[in-house]
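Here is the structure we will look at, set down as C-alpha cells.
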Amino acid sequence: MSNFQYSRRALLKSGLAAGAVLATPAIVRAQEVRELTMLTWAGHADPEVVGPFERAHNVRIRAKEYVGGDQMLAQFAQSPVGTYDVILADAEYVSQLYQADYIEQLDLADYPFDDFFPEFQKFEGHWYDDGLYAVFLHFGFLGLSHNLDALSRSEARNYRAMWQENLRSKVGQFDWHLPNFGTMSLIEGNPAPFDLNAAAWQQVQDTALTLRPQVRGFYDYGGTLSALRSGEVAAMPGIGDWITGVLQRDGANVATTIPEQGGLQWTESLSIGKGSRNQDLAREFIRYMISPRGQVATATLKAYPAMVPTRAGWAMLNEINPNEAARQNMSLSGANALDEIRAGRIQLRRLPVQQSLESWNDAWVRYKNA
Amino acid sequence: MSVLSAKVRLRRRAWFALWAAPLPIWFALFFMGPMLLLIAMSFWSVQNYRLTPDFSLSAWSYVLSLDFLWSTFWRSYGLSLISAALVSLLAFPASYAMAFLITPARRLTFLGLALAPFFTSYLVRIYSLQVFLGEGGVLPQLFHSVGLSGASLLNSYTALFLGHATLTLPVVLVLQTLALGNVDRTEMSAAVNLGARPQHVLRHIILPAARPGLSLGVLFAFLLSYAEFVSATYLGGGVFQTLPILLTDLIRGGQQWPRAAVVSLLMMAALMLTSLVTVAWAYRQKGN
Amino acid sequence: MNTHLKHALPAWTWFAGLTLVFVILYAPILSALVFSFSVDRFPSLDITRFSTKWYAQVFADARMLEALKNSLAIALSTALVATTLGFAAAYADFRFRFFGQRMVLALALLTPTVPIAVLSLAMLAFFSRIGLSGTVGSIIVAHVVVATPFAMAICRLRLEQLPREFETAAQNLGATPGQALRLIVLPHAAPAIGAAALIAFAVSLDEYAIAWFVGGLEQTVPVTVLNTLQGQVDPTIHVIGTLAFAATLSMVFAAQMLLLRSTKSHKNKEVSP
C-alpha cells in the first residue's frame, strides 16, 4: 500500500511539475528573443511573410489563426488583456473591435500614409472621432465568381445570369450575410448598397428569395474553394480573386468578373490589441507590413492574393513579379484596378447603416431556411 | 478504545475519500464552473459587441420567439433520430455477425478495427467523404456508369447520413456487439432444442435480452448526431438548418453568445430528457 | 461454440452486413491515404501523379512539429489524469455506497450533452477568470473533463465483472484495503485501465473545438487540421489523417494484445459450460 501511495504521489508531483513547465509562458523561458502575438486570418504568419521581420528585430511571431470574425472577437474578448498584440481583421470587424474598445488608438505620424493611394489615406472604417485605429493592409474586389465552362465572362457581366435555367441548383453562397445581401442590393441598383431604407431593404430580401431555388449550398472559406474547384457550384456572388486567384494557380478554369451592376470591396487591416505589452514592436511590425517588402509578400500571399494600398508596394511588385502585378491589374502606368474604384463601380462592404447587424443576420438565417 | 475506533473510522473515511472525491472535485472546478457560467451567460447582454454580465431575459425572449426555432428544433431532432435508427439498423447485421458467427478472439480484433476510425481525425474523414459524394466523385461516377443520374450527392440527406454514420457507427457497433454477446446462450439452445424456429429465437429471445445495449446504441447515435456540426456544414452544405448550425448563425448577429447559450441549454434539456426516457425504457423490467 | 445454433438468416447475409459496415468505416480513411500521395491540391479522381510533396510539407513545417509536440503532451497528460480520475470514481462507485453516488454519475454523463461550440467559449471565459487560459495546461484540464466519462465507463464495466466477495475475502484474511486493491482489484482491472487510457488519449488527440478556444496561441494538430479545412484546404489534411490513423491502428493493436492476454487468462479459470 505504501508503495502504491508513494508512486501515486510521485506521479502526481511529476505531473504537476510537467504542468508547471508547460504553463510557463515562453517569454520567461527564452529571454533574448522577444515574442509578438497576432490574431489573424490564415497565411499571414507564414515564414516567407514574417521571416525578414523576425530576423531583423530578433523576435518570434506567434500567430493564432482564425476563420471567422466572430470567433476572433470572442477569442480576444475572453482572453486575458494583453494576450494578442496585433490583430488582422476585416474592416467590418475593425469597427466592432473599436466599439467594444478592444484596440488601441494609433499615431498617424508612425505610418507613411503619404505613400498610400489617395482613396486609402483616410479610409472610413479606420477612423473614429478623428482617431486612427487601424492601418490598411490589403484589399480586393468581390463580384461574381464563376466556372468558365458553365458561365462565360460576358454572361457574368450581369448578376442576373445567376437566375439562368442552367444554373439551377448550381449557385453557391458564402455563408455570411454582408457580401450576399450587399450583392443583391447592387443588383437592385442601390447606389449605397448598405445604406438602405426600410422599403429598399425589404426589396433586397425579396430579390434574394427569388435566387434561393438556384442555390446549392452555403459554404465557408474552405468549402467555397472546394465547391468551386470540383464544379459542385458554377457561380458564387460576393466572391473575388481571393478565392478564384488561388484556384487559377491550381489550374482551375474559374474567374471573377465584376458585373456591370458593380462590385464590393473587402478590406483587411492591422490594429494593435488593447493592453498589448509590446506596442513598440507591434508598431514596427505594422510598419514592416506596409513597407514595400511586406506589401509584396502580402500581395503574393500563398493563402490568398490581394491588392495592396501603397505606391511603393506596387512599384516593387511590378519590379519583382511583373506577371502577378499584371494579373491583379496593379499596373503603375496605364489603366489599373484603381480605375474601377474611381469609376464608382466598387462599393465598400460595410456594416448595415440603417438596420442593425442582427436584423441582417436574422434575415440571412431566414433566407437560408427558406 | 473509542480513540482507536475514531482513528480507524477516520482512516476509512480518508480511504473512501481518496477514491470518491477526485472526480467530483475536478468536475466541480472545471466543468460545473464553465456550465454555471454558460447558464449565467444566457442572461447576459451584449453592448457594443461586448459580452456584458447582466440579468436580462432578452436572449431568452429573443430565441424563444424566433418563428423558426421550433421547426429547426424538430428538424434537428427528427434528422438525428432517423440517422440513429438507420445507423442502428445498418450496424445490426454486422454486430450479429461479430457476436454469433465469429470466435471471441477474432471478435476483439474486429471490435478494435471498428473502433480505430473513431479515433482518427473526424475532420479528415468528413473531408475525405467529399471525394466520394461530390461532383465527379466515386459514387456519382459509379451511378452514372450503371445508367443513373450521376449528379453530386453532396448537400443531400444521404450525405448528411453518411457523415452521421461515420461519426456514430463505431460506438453503435461496439454497444450492439457487447449486448448481443451477453445474451444467454443456454436459453437460446434450449429454445432451439424445443423446436423454436430461428426467427422466433431472434425475435423473442435475442432481441429482448439485448434490448438495453441496442437502445443505448440508438441513444448514443442520437446524441452524437444531434450535436453534429461538421457533417452538417461540409456534407450537408448548410442547407439543413439544425440547432448546431442555428447556434453558430445566431452568434454572427454581433457577438450574440447569450442567444447561443440559450440554444445550448435547450439542446441539453432535449438531450437529457431523451436520455432519461431511453435509459428507463432500456432497463424496464421484462414482461411489460 | 455456436455451431448448433441456427440463424434467422443465412450466415452470408450477416457477413455481407459486416463487410458493408467496414467499407463505410474504412472508405474515407483509404481515400485519405490515396490522396495524401496525390500531387493535386484538390482531390479528384483523375490524379495527375503521385508524390510525397505534401508529406515533405508537413514534416518541414516547424509549426506543425510544435503542434504535434503539444498534442502528444496534452493527450498523454489527459490520458494519465482522466484514467486516474475515471478509475477512482469507478472504484468508489463499485466499492462504496454513499450519498450522492448517482449525482456523481449524472455529473460525469452530463458532459457529452453540452454543445461543444458554446462549452468551449464558456471554458475560455471561465479559465481566463481563474488565470488558466491560453496554455497547454488549460487544454489538458478541459480535455480531462471530456475524456473522463469514457474512462470511467470502461473501468466501471470491467469492475462489474469482479465478484464482490473476492475483495472482502482478502480483507477477512487480513489484507488491508490497500493490499486488497493492489492484489485483487488492480490486476483484474488492468486491461480496462489500459484501454481507458488509450481511449482518453485518442479523444484528446482528436479534439479541436475546445482546443482552439482555450488554447490561445498554443496550436494542436487537430486545430491545424481545422484551420486548413476551413481555410486554405490542401492535402496536408490527408497526410495528417493518414499518419494519425497509422498511429491509432498501432495503439489499437497494442490494446488488443493487452485485452487478449487477460481474456485468455480469464477464460482458463472459467469452467466451460
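Worth a mention:
- Share of carbon and sulfur in the accessible heavy-atom surface of the stretch C:60-263 [1.4 Å probe, %]: 72
- Heavy atoms of A:Lys302 accessible to a 1.4 Å probe, total area in Å² rounded to 10: 110
- Rounded to the nearest 10 degrees, the angle from helix A:2-23 to the longest Cα principal axis of chain A is 50 degrees.
- Coarse-grained scattering of chain A at q = 0.10, 0.12 Å⁻¹, given as base-10 log I(q)/I(0) from a Debye sum over alpha-carbon atoms: -0.67, -0.93
- Ranked from largest to smallest solvent-accessible area, with a 1.4 Å probe on the protein heavy atoms, B:Arg12, B:Arg284, B:Arg211 come out as B:Arg12, B:Arg284, B:Arg211.
- Listed residue (C:Ala170, B:Leu101, B:Leu139) projecting farthest to the positive dipole end of the protein assembly as shown, Cβ model: C:Ala170
- Across the stretch B:77-240, counting alpha-carbon atoms alone, Rg and Dmax equal 18.3, 56 Å.
- Normalising the Debye intensity of the stretch C:57-117 to I(0), with uniform scatterers on Cα atoms only, and taking log10 at q = 0.12, 0.16, 0.18 Å⁻¹ returns -0.52, -0.72, -0.80.
- Under the span-like rule (Cα at least 30 Å along the axis, Kyte-Doolittle mean at least 0.0), DSSP H helices of chain B: B:69-100, B:157-181, B:257-282
- Over 30 Å between alpha carbons, listed pairs A:Lys122/A:Lys170; A:Lys302/C:Lys69; A:Lys64/C:Lys53; A:Lys170/A:Lys302; A:Lys122/A:Lys368: A:Lys122/A:Lys170; A:Lys122/A:Lys368
- Per-residue SASA entry for A:His57, accessible area with 1.4 Å probe, Å² rounded to 10: 70
- Springs between Cα atoms under 10 Å define the GNM used for chain A, and in it the highest mean-square fluctuation of A:Gln279, A:Gln121, A:Gln71 occurs at A:Gln71.
- Computed magnitude of the charge dipole of the stretch B:77-240 (debye, nearest 20; Cβ of K, R +1, Cβ of D, E -1): 380
- Rounded to the nearest 5, the antiparallel percentage of DSSP beta bridges internal to the protein assembly as shown is 65%.
- In this assembly, the A-B interface accounts for approximately 3000 Å² of buried accessible surface in total, computed with a 1.4 Å probe and without ligands, DNA or RNA.
- Descending semi-axes in whole angstrom, ellipsoid equivalent of the stretch B:84-139, from the Cα gyration tensor: 27, 15, 10
- Fraction in percent of alpha-carbon pairs per bin - 10 Å, the protein assembly as shown: 2, 11, 20, 24, 20, 12, 7, 3, 1, 0, 0
- FRET efficiency for the C:Asn172 to C:Leu20 pair, using the beta carbon distance and R₀ = 41 Å, is estimated at 0.15.
- Counted as membrane-span-like here are DSSP H helices of chain C whose alpha-carbon atoms extend 18 Å or more along the helix's own axis and whose Kyte-Doolittle mean is 0.5 or above; these are C:11-36, C:62-95, C:116-129, C:136-160, C:186-206, C:236-269.
- Heavy-atom accessible area order for B:Leu216, B:Leu243, B:Leu64, largest first, 1.4 Å probe: B:Leu64, B:Leu216, B:Leu243
- Taking every Cα-Cα distance in the stretch C:114-173 and sorting them into 10 Å bins starting at zero, the pair-distance distribution P(r) comes out as 19, 31, 20, 15, 15, 1 percent.
- 0 to 90° range, to nearest 10: angle between helix A:221-230 axis and chain A longest Cα axis: 50
- Rel. contact order, % - alpha carbon contacts under 8 angstrom, at least six apart, chain B: 25
- Å² per residue, accessible surface of the protein assembly as shown at 1.4 Å: 41
- Dividing the mean sequence gap of close Cα pairs (under 8 Å, 6+ apart) by how many residues the stretch C:60-263 holds gives a relative contact order of 34 percent.
- Gaussian network model of chain C, Cα within-10 Å springs - most flexible of C:Trp54, C:Trp212, C:Trp14: C:Trp14
- Gyration tensor verdict on chain B (Cα atoms; rounded if a/c is under 1.5, prolate if a/b is larger than b/c, oblate otherwise): oblate
- Where only alpha carbons of the stretch A:225-359 are counted, the Rg and the Dmax (Å): 17.2, 48
- In the protein assembly as shown, taking the dipole from charged Cβ atoms about the Cα centre, the farthest positive-side position among B:Thr166, C:Thr135, C:Gly215 is held by B:Thr166.
- With respect to chain A, whose longest principal axis is taken over its alpha-carbon atoms, helix A:311-320 is tilted by about 90°.
- Taking every alpha-carbon pair under 8 Å whose residues sit at least 6 apart, chain A reaches a relative contact order of 23 percent.
- Mean-square fluctuations from a GNM of chain C, with a 10 angstrom spring cutoff on Cα atoms, peak among C:His238, C:His188, C:His143 at C:His188.
- In the stretch C:60-263, taking the dipole from charged Cβ atoms about the Cα centre, the farthest positive-side position among C:Val144, C:Asn70, C:Leu105 is held by C:Leu105.
- Solvent-free Debye scattering, log10 I(q)/I(0), computed from the Cα coordinates of the stretch C:60-263 at q = 0.13 Å⁻¹: -0.79
- With DNA, RNA and ligands ignored, accessible area of C:Met251 (1.4 Å probe; Å², nearest 10): 40
- Remark: accessible area buried at the C-B interface is about 7800 Å², both chains counted, probe radius 1.4 Å.
The values are calculated or read from the model by the stated rules, or taken from the named source; none is laboratory data. What you see is a predicted model, and the numbers here were worked out from it, not measured in a lab. Glycine also receives a Cβ, built like all others from the backbone with ideal geometry; neighbour counts cover every protein chain displayed. Just the protein is used for accessible areas: all its heavy atoms, side chains included, with ligands, DNA and RNA removed. Shrake-Rupley method; radii C 1.70, N 1.55, O 1.52, S 1.80 Å.
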